[in-house]
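One structure is given below, encoded as structure tokens.
The values are calculated or read from the model by the stated rules, or taken from the named source; none is laboratory data. Everything quoted here is computed from the prediction, not taken from an experiment. Don't worry about glycine lacking a Cβ; one is built from the backbone with ideal geometry, like all the others, and counts go over all protein chains shown. SASA here: full protein model, heavy atoms, side chains in, ligands and nucleic acids out. Shrake-Rupley method; radii C 1.70, N 1.55, O 1.52, S 1.80 Å.
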Amino acid sequence: MTCSEFDLIRHFFTEQSIRRTDVPLGIGDDAALLSPPADSLLAVSVDTLIAGIHFPLDTIARAVGYKALAVNLSDLAAMGAEPAWATLALTLPRADTSWLSDFAQGFFELASTHNVQLVGGDTTRGPLSITVQVTGFVSQEQALLRNGAQPGDGIFLTGTVGDAGLGLRLYQQPSDTHCDATMHLIHRLEFPTPRIAVGLALRGRASSAIDISDGLAADLGHVLTASGVGADIHVDQLPLSSAYRLLAPENNWQTAVSAGDDYELCFTLPAGLETEVLARLDCPCTRIGEITASPGLRWRDANDQQLALDNAGFDHFTSRKPQ
Ligand SMILES: [Mg+2]
């Protein structure tokens with residue numbers, strides 16, 4: 001890109017409303033200078049979104065900017081960390097002013113909500129891809145990890161599951177029916193809600209937490225492996241949105257637990273803490289099962305009969321496929 005193109009791009013990312021006191025020097029020099037709190041650890045996470053792989057090529061720029069930050073903030077939420085700083089590496093086929101303006105709007109809309117300051121970045125020419133790194137603060141004692149789930153703990157989910165996966169399918173195969181429900185599901189795909197406040201409220205209380213990026217089945221599996229435990233999940237308790245129930249295929253529990261990209265939190269709570277903790281949360285949370293001593297992830301119906309998760313359904317909705 002030419003110097004003037006770089007200047008143009010820089011213009012969109014230096015005009016931001018968030019100015020944190022722990023950023024003595026932000027964008028503009030060779031590196032940012034940051035002042036982390038003395039009593040916290042830094043929680044750091046990075047994610048790359050590639051056009052055509054992680055989002056459809058024709059996704060609106062505002063959604064791309066929003067989601068690039070949202071998926072990273074979701075990882076901080078899953079750690080119980082308080083977000084603070086972000087860096088952005090942007091690879092663009094060309095300097096498109098209108099696209100950049102919309103991208104920046106989406107990015108800073110979410111950054112402002114969570115008091116996140118963009119402190120550095122890089123721009124290169126090439127196929128569209130976005131890498132965002134975020135840093136947050138959490139103490140060692142209160143960080144939410146994957147390895148603390150204990151037999152008897154309840155398993156909980158924020159919000160609803162399956163919406164983004166079904167939204168992607170409807171985005172790729174549009175239909176004229178049920179427009180409101182379709183729009184809701186596509187919005188969930190494009191503008192996921194990182195559950196930052198829930199993560200903060202769970203600090204020092206939840207025995208484990210993870211965010212649902214690759215699907216409940218896969219991500220809860222990571223918790224079970226790390227904790228050396230198993231789980232029973234009651235499929236009739238899964239929180240499904242009314243839009244999802246209206247438009248999902250027949251085996252709707254299977255697609256819901258297989259679909260990625262929801263960015264809800266799945267966490268476990270010791271039985272004695274459930275009532276107190278749930279009362280403090282700012283979004284709907286649903287108890288979907290229990291941690292067991294016997295290993296493995298078991299799906300059960302309302303009569304407690306074990307159900308098989310069809311692997312074909314699993315592949316169908318994963319977010320890792322080209323979109
Ligand atoms: Mg994660």
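Rounded to 0.05, the FRET efficiency of the ARG298 and ALA226 pair, given R0 = 25 Å and the Cβ-Cβ distance, is 0.90.
Protection proxy ranking, highest mean first, for peptides 114-122, 174-182, 202-210, 54-62: 202-210, 114-122, 54-62, 174-182, where packing is the per-residue count of other beta-carbon atoms within 10 Å, averaged. Kirkwood-type hydrodynamic radius, segment 154-316: 16.1 Å, calculated from all non-identical alpha-carbon pairs. Between PHE191, LEU144, ALA43, the Cα set farthest toward the positive side of the dipole of the chain (charges on each charged residue's Cβ, about the Cα centre) is that of ALA43.
Rank these residues by their accessible area, most exposed first, probe 1.4 Å: SER17, SER35, SER227.
Greatest to least solvent exposure: SER17, SER35, SER227.
Only the Cβ atoms of Lys and Arg (+1) and of Asp and Glu (-1) were treated as charged; on that basis the dipole of the chain about its Cα centre amounts to roughly 120 debye.
Which GluC sites (Glu not before Pro) in segment 249-293 pass both tests, a DSSP loop state and at most 11 other beta-carbon atoms within 10 Å?
Loop-located and lightly packed - GLU250.
The percentage of C-alpha pairs in segment 3-138 whose separation is greater than 26 Å is 19%. The GLN306 and GLN105 beta-carbon pair, evaluated with R₀ = 51 Å, returns a calculated FRET efficiency of approximately 0.60. Counting only protein heavy atoms and a 1.4 Å probe, the chain has 44 square angstrom of accessible area per residue. In segment 109-127, which residues have a backbone nitrogen under 17 Å from the label point lying 7 Å from THR21's Cα in the Cα-to-Cβ direction? Zone members listed by number: 115-117. In the chain, taking the dipole from charged Cβ atoms about the Cα centre, the farthest positive-side position among TRP253, ALA63, PHE103 is held by PHE103. To the nearest 10 degrees, how steep is helix 97-113 against the longest Cα principal axis of the chain, on a 0 to 90 scale? That works out to roughly 60 degrees.
For ARG125, the amide hydrogen comes within under 5 Å of the amide hydrogens of LEU92, counting only partners 5 or more places away or on other chains and with H modelled in the peptide plane. Largest first, the extents of the alpha carbon coordinates of segment 71-137 on the three principal axes equal 37, 19, 18 Å. Summing Cβ point charges (Lys, Arg +1; Asp, Glu -1) relative to the Cα centre of segment 3-138 gives a dipole of roughly 160 debye.
Look at the dipole of the chain built from charges on Cβ: of LEU118, GLY52, ILE291, the Cα furthest out on the positive end belongs to LEU118. Please label the shape of the chain as rounded, prolate or oblate, based on the square roots a ≥ b ≥ c of the eigenvalues of the alpha-carbon gyration tensor (a/c under 1.5 means rounded; beyond that, a/b larger than b/c means prolate, else oblate). Oblate shape, in that a/c is at least 1.5 and b/c is the bigger or equal ratio. The angle between the Cα long axis of helix 3-14 and the longest principal axis of the Cα atoms of the chain comes to about 50 degrees, rounded to the nearest 10. Model label points for ASP58 and VAL44, set 7 angstrom from Cα along the Cα-to-Cβ axis, are 4.0 nm apart. In terms of the Cα gyration tensor, with a ≥ b ≥ c the square roots of its eigenvalues, is segment 7-65 rounded because a/c is under 1.5, prolate because a/b exceeds b/c, or oblate? The shape class here is oblate. How large is the dipole of segment 154-316 about the Cα centre if only Lys and Arg carry +1 and Asp and Glu carry -1, each at its Cβ, rounded to the nearest 20 debye? Value, rounded to 20: 400 debye. A straight chain from ASP96 to SER35 at 0.36 nm per residue would run longer than the Cα-Cα distance by 18.5 nm. When the chain is treated as a GNM with alpha-carbon contacts under 10 Å, the residue of THR286, THR275, THR193 showing the greatest mean-square fluctuation is THR275.
Accessible surface for ASP7 stands near 90 Å², nearest 10, in the context of the full protein assembly shown (1.4 Å probe).
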